[in-house]
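The values are calculated or read from the model by the stated rules, or taken from the named source; none is laboratory data. The structure displayed is predicted, hence computed values, not measured ones. Here the Cβ positions follow ideal geometry from the backbone for every residue, glycine too, while neighbour counts run over all protein chains shown.
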Amino acid sequence: MKDKLLALRDEALSRLEHSDLEAWRVEYLGKKGELATVLRGMATLSAEERPVVGQYANQVRAVLEEAFAARKAELDSHQATLREQAETIDVTLAGRISYLGAEHPLRKVIRRIEDIFVGFGFTVEDGPEVELDRYNFEALNLPKDHPARDMQDTFYLTDEILLRTHTSPVQARTLERRCPETPIRIVVPGRVYRRDDDDATHSHAFMQIEALVVDHGIRMSDLKGILVQFARELFGADQEIRLRPSFFPFTEPSAEMDIRCIYCHGDGCSTCKQTGWIEILGCGMVHPHVLEAGGYDAGSLTGFAIGMGVERIAMLSYQVEDIRQFYLNDVRLLEQFATLTR
Amino acid sequence: MKITWNWLSQYVDLQGLTPKQVAEDLTNAGIPVEYLAPVATGIENVVVGHVKSADQHPNADRLRVCTVAVGAAADLTIVCGAANVAAGQRVPVALVGARLPQGPIGKSTLRGVASEGMICSASELGLDVRLLPRDQTTGIFVLPADAPVGESIVEYLELSDMVMELELTPNRSDCLSLRGVAYEVAALYSRKVSMQAPELRTPPQEKLPLTVEVATDRCMAYSAQVVSGLSLRPSPLWMQTRLLAVGVRPINNIVDITNYVMFEWGQPLHAFDYDAIAGGRIIVRDAQREEALMTLDGQARALEPAMTVIADPEKALGLAGVMGGESSEVTANTRAVVIESALFDPLQTRRTGKRLQLRSEAGTRFEKGIDPAATLPALARAVELLCAYGGGAIASGPRLAGAALADVEPGQDAVRQVGVRAARAAAVLGFAVDAGQILSVCERLQFAAREENGTVLVDVPSRRPDIRIEEDLIEEIARLVGYDHIPATMIVGPLTGGELSRAQYLTRLATDHLIALGMQQVVTYSFVSPTVAERMRLQPDDELLRMIPLLHPLSEERSVLRTTMLPSLLEVAEYNVNRRRVDLRLFEIGTVYLPESLPLQKQPTERRVIAGLLIGQVQAPSPHGESRTIDFFDVKGMVESLLLRMGLEDKAQYTRSQAPFLHGGQAADIETAGSAIGLIGKIHRDVCANFGMDLTDAFYFELSLEALLPLVRDRLRVEDLPRYPGVSRDLALVVSRTLPVAELLSSVRSAAGLFLEDVRVFDVYTGEHVGDAEKSVALRLSFRSRERTLADDDLQEPMAAILRAAKSAYGAVLRE
Ligand SMILES: [Zn+2]
């Protein structure tokens, strides 16, 4: 009996690899299989022999079941491999990418500058593009026939209504609306218009960003402090600036801010006309007449204002030579901004 | 404003300074020097030569063989091709080995004759020939007969003198003169200005009588004097070279002297032919109605009473401060001139100049305002130079009229007193300032000043009209101390939280969402052509026709303010389609301008509009099967997702649009709660064609940001998640093909009862299984209760009610 079991085990194991797995299982391990048949023959054995053979038979069953499981796992894995081979694709082919889309460079610059000033605690203000002479000029210390109006040739719609030539009328409007509230800390992005023929550096429409602070005890050194930090955030931590005296009717003292040339770092190049400096914005202490036009007491309050051209900063930042590029909207140019992360 | 270094050094001590240093310091003091370069560069070994003889070249008709003395032992033989060369002339000679801007000069042989150098033209010396008299530009540059033979031409013509171009801000009109620049430079280096004010002289005998009368308040001062015995000839070469260097065309001694003195003192002058003035009487008055004047440029000008003229008792002689008249022009026959030095109303001069489109160096100075203290010295200086270089003699006493000169002591600046407090200066600037510092700044500026009770009282001379209030003096202090002296400090004051307005925040949200949907942002001009109305097929009563015109547009193309974004985006599309970029998804959040009425009475409404234009394939090209052309529902899906993102959920309704620029069957107006928020649709094929594109599938949408603003959700309370499972039922209803599904859905929703959670259309079928005029709409209805799990029984009544409602309202039949 024992020998019979051993022979059965060896036969089964030797046939395992070449048989259909399920047929093999039925033949040897099934309810009517060989092992069961052998076990049924145990009835003829003596009471002493029966447990010994029974134990032996169970061992054989365990060996066969284990062999079956191993063989099944081997076959399954082979099947899976075959299936994956059949399903193999070229992973180097491009995916179904959707169009990327991109923000316009001028909007990108505006957003960055807004964010810098919001970080400084400034509120972003808007104002109308179609303005009254009063806010665009008169409230800003530019009475009618002031020669400085020549600096800004104006598109008029009527004698009194015009397209604003700068974002500064929003200063006048904000002061008038919020007087006598303090502090005023605003930043104003927006489109402005000048009656200039379009060329590489002029555009009849362009964008400005303006900042205004009015409060007790505001000093020109505070203006410089803000500008130093602004230049660092916009152009990099080691960005140097300088202020030069200038003139704007709505500020006194007035200044022009230069940054150390971002291309040659001061050695001199064509962008900075060999000076090592690039003019970037105008600023100054709010002129007493402007404060007074807004209803504030220029004797006890001071303020500063900053104004810059968005296109100029975009041209410098992205090395665009011609301002008209921003308004042509050639998607081959605009798409390049899709991959710019800030 | 251009000046030269040598010229400036005549009025202020520049010892120990270099032009480069001064240019830098002026720039840092607010007088930017835009340009700094020698009059001409790259010239070596060019000397003054004397042409002893000029003979015909033996082998060439057009060439002469000249013998030229150059101050060396031997005369040179030089072959010259210029027609104007002649024996006896003094000329610039480039010696063998010389350098000229266009290259070196060697020995050469021309048609068999050896030439030992070259006789130069003005342009070969690098001079700006546009400003030279014609006879000096066509051939060699003929020098005055007294030019010293052998002297370096660089020395003689002052070609190494440095030209500085100042870019003046409008407030610094004082620096429109060498006098003003001299004071500025003197202040920078604490030096003194040495500028003599010549005195007006009265001749012992009044040979040519002159009277002056001011009959208008638009002339504040008028001074004049007669100089006789003049001979019209070129001005001295030094004067010509200086005028050339600062960009003024030399004409003759009289004109050159008036220009020279204007640059020196900042006071424009005018010379009249004395014989043209009837009775020797000058009257300054307002022009009369229908008065005419032939101006110097040969144009007949119609005058208006708003203009000021210089006249004699019979006629107008010139336009005050703007341009002289032809009848009194100085000519070769002029034997005596009246020199005018006057102050005219800046505004009036500006208006007249603008009106007649005449701009001049003189006009610019009048507009910005002239220092009354310079009026009489300039007159005296011009008379002095006319006597010295024009052979003239004073023929009348100086005549003065007008209020402004009454209180001016000749040679003495009129003053205005302005006070400045050291404490205030420190408070504005942010660094310590004391009275001593202010006094020293005033001394450098050559302003008289004294301290009184903590205030420095400054006598600001009339040459600095820009200084009127305390802040102006504070700027002078900062300027001369140096802006680099200002420290960088932090604002002191309460903390404020920076923020965007709701509209700005929403703009950013929409921008980011559309970009994430693959759209490209553009920025376009607000001005469009009035022809867009016709190109957009607008009907005469369309309110989009109310485009505000500019009073003075730069071109017809950009002459009105847009009322819709469509033409702007179509222009961008056209530009790109022409460059073979045919898959476009463009958007702009821009402004349109909607007037209440035209002609414009008040500021128009400026509406922010989110506008998009889409053309081409729905997906970027990929190797995974065919893409397809974008269609209405692709675009509507984008709009819907944008509205969802902005918190508008299901509030928008779409109804068929009549917009003339959109496709009659594929366009919708978008509304919420009865008010229009935008539109969407396929662009009419003719409109595409009118914008230069042969396209059938171009789509446009626009949404009004202002209309969306009140609807936006900016608060959220999270709903509890449902505890019980939902049940869904599908239902196919056969209805008329023309029935808008939105109507069917709304009747389904209102009939379905409380348990209905959602209803969606998942298929619309037309074809053989339904009638020709019908369609089958397949709905998936989701039901849920918040209290319990719904049983089949719970849905019987709602489903029946839905069917009943759809049947009675639209004749809907259940599709089996
Ligand atoms: Zn550089």
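Just one of B:Ile339, B:Ile282 is buried (at least 19 other Cβ atoms within 10 Å of the Cβ), closer than 23 Å to B:Arg179 by Cβ and touching a residue at least 40 places away in the same chain (Cβ under 8 Å); which is it?
So the residue among B:Ile339, B:Ile282 that is buried (at least 19 other Cβ atoms within 10 Å of the Cβ), closer than 23 Å to B:Arg179 by Cβ and touching a residue at least 40 places away in the same chain (Cβ under 8 Å) is B:Ile339.
Got a sec? Which of B:Val47, B:Val91, B:Val85, B:Val68 is outside any strand (DSSP E or B), aliphatic (A, V, I, L, M) and touching a strand residue (DSSP E or B) at 6+ places or on another chain (Cβ under 6 Å)?
Just a single option satisfies the conditions, and that option is B:Val85.
Confirm whether B:Ser746 is within 30 Å of B:Ile610 (Cβ to Cβ) and surrounded by 13 or more Cβ atoms within 10 Å (Cβ to Cβ).
Considered against the rule, which asks whether it is within 30 Å of B:Ile610 (Cβ to Cβ) and surrounded by 13 or more Cβ atoms within 10 Å (Cβ to Cβ), B:Ser746 comes out as yes.
Restricting to segment A:206-216, what's the tally of residues that are buried (at least 22 other Cβ atoms within 10 Å of the Cβ) and facing another protein chain (nearest Cβ under 7 Å)?
Adding up the residues that qualify gives 1.
Pairs needed: first member in segment B:418-433, more than 12 Å from B:Glu476 (Cβ to Cβ); second member anywhere, among the aromatic types (Phe, Trp, Tyr) and surrounded by fewer than 23 Cβ atoms within 10 Å (Cβ to Cβ); C-beta distance under 9 Å; at least 6 residues apart or different chains.
none
So, in segment A:268-296, of the ones that are more than 14 Å from chain B (Cβ to nearest Cβ) and surrounded by fewer than 21 Cβ atoms within 10 Å (Cβ to Cβ), which residue ends up farthest from the ligand (Cβ to nearest atom)?
Among those residues, the one meeting the criterion is A:Gly295.
For segment B:177-197, what are the residues that are more than 10 Å from B:Arg444 (Cα to Cα), in contact (Cβ under 8 Å) with a residue 24 or more places away in the chain and part of a loop (DSSP other than H, G, I, E, B)?
Within segment B:177-197, B:Ser177, B:Ser194, B:Met195, B:Ala197 qualify.
I'd like the full set of residues that are without any contact (Cβ under 8 Å) to a residue 60 or more places away in the chain, part of a loop (DSSP other than H, G, I, E, B) and assigned by TED's automatic domain parsing to the domain that holds B:Met565, limited to segment B:664-722.
B:Ala673, B:Gly674, B:Asp694, B:Thr696
Collect the residues in segment B:767-811 that are surrounded by 14 or more Cβ atoms within 10 Å (Cβ to Cβ) and either outside the structural domain of B:Leu744 (by TED's automatic domain parsing) or out of contact with any strand residue (DSSP E or B) (no Cβ under 8 Å at 6 or more places or on another chain) (or both), keeping them in residue-number order.
B:Ser785, B:Ala801, B:Ala805, B:Ala809, listed by residue number.
Of (1) closer than 23 Å to B:Gly369 by Cα; (2) under 32 Å from the mean Cα position of the chain (by Cα), B:Arg242 satisfies all except one. Which?
All conditions pass for B:Arg242, except number (1).
Take A:Ala69 and decide whether it is more than 11 Å from chain B (Cβ to nearest Cβ) and either in contact with a Phe, Trp or Tyr (Cβ under 9 Å, 6 or more places away or on another chain) or surrounded by 10 or more Cβ atoms within 10 Å (Cβ to Cβ) (or both).
Against the criterion (more than 11 Å from chain B (Cβ to nearest Cβ) and either in contact with a Phe, Trp or Tyr (Cβ under 9 Å, 6 or more places away or on another chain) or surrounded by 10 or more Cβ atoms within 10 Å (Cβ to Cβ) (or both)), A:Ala69 qualifies.
Residues that are within 30 Å of B:Cys442 (Cα to Cα), at the interface with chain A (Cβ under 7 Å from one of its Cβ atoms) and of a type in the set (Asp, Glu): does segment B:498-519 have at least one?
Within segment B:498-519 (the criterion being within 30 Å of B:Cys442 (Cα to Cα), at the interface with chain A (Cβ under 7 Å from one of its Cβ atoms) and of a type in the set (Asp, Glu)), the answer is no, since none of the residues qualifies.
Looking at segment B:627-646, which of the residues that are within 12 Å of another protein chain (Cβ to nearest Cβ) and in a loop (DSSP other than H, G, I, E, B) is farthest from B:Cys688 (Cα to Cα)?
For segment B:627-646, the residue satisfying everything is B:Ser627.
Pull up segment B:599-608, narrow it to residues that are surrounded by fewer than 23 Cβ atoms within 10 Å (Cβ to Cβ) and under 20 Å from B:Pro567 (Cβ atoms), then point me to the one that is nearest to the other protein chains (Cβ to nearest Cβ).
Per the criteria, the residue is B:Glu606.
Could you list, in sequence order, the residues of segment B:551-587 that are in contact (Cβ under 8 Å) with a residue 60 or more places away in the chain and more than 8 Å from chain A (Cβ to nearest Cβ)?
B:Thr564, B:Met565, B:Leu566, B:Pro567, B:Leu569, B:Leu570, B:Glu571, B:Ala573, B:Glu574, B:Val577, B:Asn578, B:Phe587
Return the residues of segment A:217-267 that are surrounded by fewer than 21 Cβ atoms within 10 Å (Cβ to Cβ), assigned to a loop (DSSP other than H, G, I, E, B) and either within 13 Å of chain B (Cβ to nearest Cβ) or within 16 Å of the ligand (Cβ to nearest atom) (or both); say none if nothing qualifies.
Listed by number, the residues that qualify are A:Gly217, A:Gly236, A:Asp238, A:Gln239, A:Glu240, A:Ile262, A:Tyr263, A:Cys264, A:His265, A:Gly266, A:Asp267.
Hey, can you tell me all the residues within segment A:184-205 that are of a type in the set (D, E, K, R) and more than 11 Å from chain B (Cβ to nearest Cβ)?
A:Asp199
Within 45 Å of the chain's Cα centre (by Cα) and touching a residue at least 40 places away in the same chain (Cβ under 8 Å): which single residue out of B:Ala72, B:Ala83, B:Ala60, B:Ala29 fits that description?
Of the residues listed, the single one that is within 45 Å of the chain's Cα centre (by Cα) and touching a residue at least 40 places away in the same chain (Cβ under 8 Å) is B:Ala29.
Consider B:Leu480 against the criteria (1) part of a loop (DSSP other than H, G, I, E, B); (2) more than 24 Å from B:Leu703 (Cα to Cα); (3) more than 8 Å from every other protein chain (Cβ to nearest Cβ): it satisfies all of them except one. Which criterion is unmet?
(1)
Considering only residues that are of a type in the set (Phe, Trp, Tyr), out of contact with any strand residue (DSSP E or B) (no Cβ under 9 Å at 6 or more places or on another chain) and part of a loop (DSSP other than H, G, I, E, B), which ones fall in segment A:65-124?
None; the set is empty.
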